[in-house]
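Written out below as structure tokens is the structure these notes cover.
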């Protein structure tokens, strides 16, 4: 229970900001927090609380997986640093590149393959998988 | 035979009622369990090292200074990273279902 005390502020914030399917478990001195939100800001806020309690994520005592659920057909913006985002045939960097989405381009999210990869379609009709980390809700 | 039925039927009813009573009780117990302990119902999911290795490869692709190894569910990070990129990397790695993440990165 000690870790739930340490990360109490984080758990409380997850509860009050309406994270769904919230699971908080402590196992072998690691706290596992899982859940889902439709709001990307809620996830960002939880991560800044995490970084405040455990600066630079050094302690190795928390695994937090709060996913941002994306409705099929919703729009997302490409948030690469400057470069184009690779669109791949399948969910994995070993998959062939079938297209590119430009930095700041807005694309349509068709579905999420898993926590890491999203199936998207560009306005030009290119369709394939991109790494979800480079997409932001519009 | 008719007499036997007369005795047997009420007996069946009593037995049946007894069973349904038990069933209700066990359902009640289950409900109490889930509602009082809803935050710890799903077991922690830890991915296999092979799946983790693939995920780690994708997640660290755009972090050239970072080396990540996977062993027994634990991801260990070494190398260098800029502080403003650390959270992005940690968010990806945390979603892979590792047992633990050891962050030994030098932060620039």
Scanning the stretch A:102-118 for residues that are in a loop (DSSP other than H, G, I, E, B) and within 14 Å of chain B (Cβ to nearest Cβ), the one surrounded by the most Cβ atoms within 10 Å (Cβ to Cβ) turns out to be A:116
With A:36, A:5 as the choices, which residue is part of a strand (DSSP E or B), on the phi < 0 side of the Ramachandran plot and free of Cβ contacts under 8 Å to residues at least 60 places away in the same chain? A:36
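Kindly check whether there is at least one residue in the stretch A:23-31 that is within 13 Å of another protein chain (Cβ to nearest Cβ), closer than 24 Å to residue A:137 by Cβ, surrounded by 18 or more Cβ atoms within 10 Å (Cβ to Cβ) and touching a helix residue (DSSP H, G or I) at 6+ places or on another chain (Cβ under 6 Å).
If we filter the stretch A:23-31 for residues that are within 13 Å of another protein chain (Cβ to nearest Cβ), which is where we start, we get A:23-31.
Add one more test, that the residue is closer than 24 Å to residue A:137 by Cβ, and what stays is A:23.
Subset that is surrounded by 18 or more Cβ atoms within 10 Å (Cβ to Cβ): A:23.
From the residues that got through so far, the ones that are touching a helix residue (DSSP H, G or I) at 6+ places or on another chain (Cβ under 6 Å) too are none.
The answer is no, given that none of the residues of the stretch A:23-31 is within 13 Å of another protein chain (Cβ to nearest Cβ), closer than 24 Å to residue A:137 by Cβ, surrounded by 18 or more Cβ atoms within 10 Å (Cβ to Cβ) and touching a helix residue (DSSP H, G or I) at 6+ places or on another chain (Cβ under 6 Å).
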Counting only residues that are more than 30 Å from residue A:3 (Cα to Cα) and either touching a strand residue (DSSP E or B) at 6+ places or on another chain (Cβ under 9 Å) or touching a residue at least 40 places away in the same chain (Cβ under 8 Å) (or both), give me the strands (runs of 3 or more DSSP E) lying completely in the stretch A:41-101 with at least 1 of them. A:74-78, A:85-88, A:97-101
Candidates A:121, A:52, A:89, filtered to the one that is touching a helix residue (DSSP H, G or I) at 6+ places or on another chain (Cβ under 9 Å), modelled with pLDDT of 95 or more and more than 9 Å from chain B (Cβ to nearest Cβ): A:52
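The values are calculated or read from the model by the stated rules, or taken from the named source; none is laboratory data. Treat the numbers as computed from the prediction; the structure is a model and nothing was measured. Positions of Cβ are generated from backbone atoms using ideal geometry, with glycine treated the same way; all protein chains shown enter the neighbour counts.
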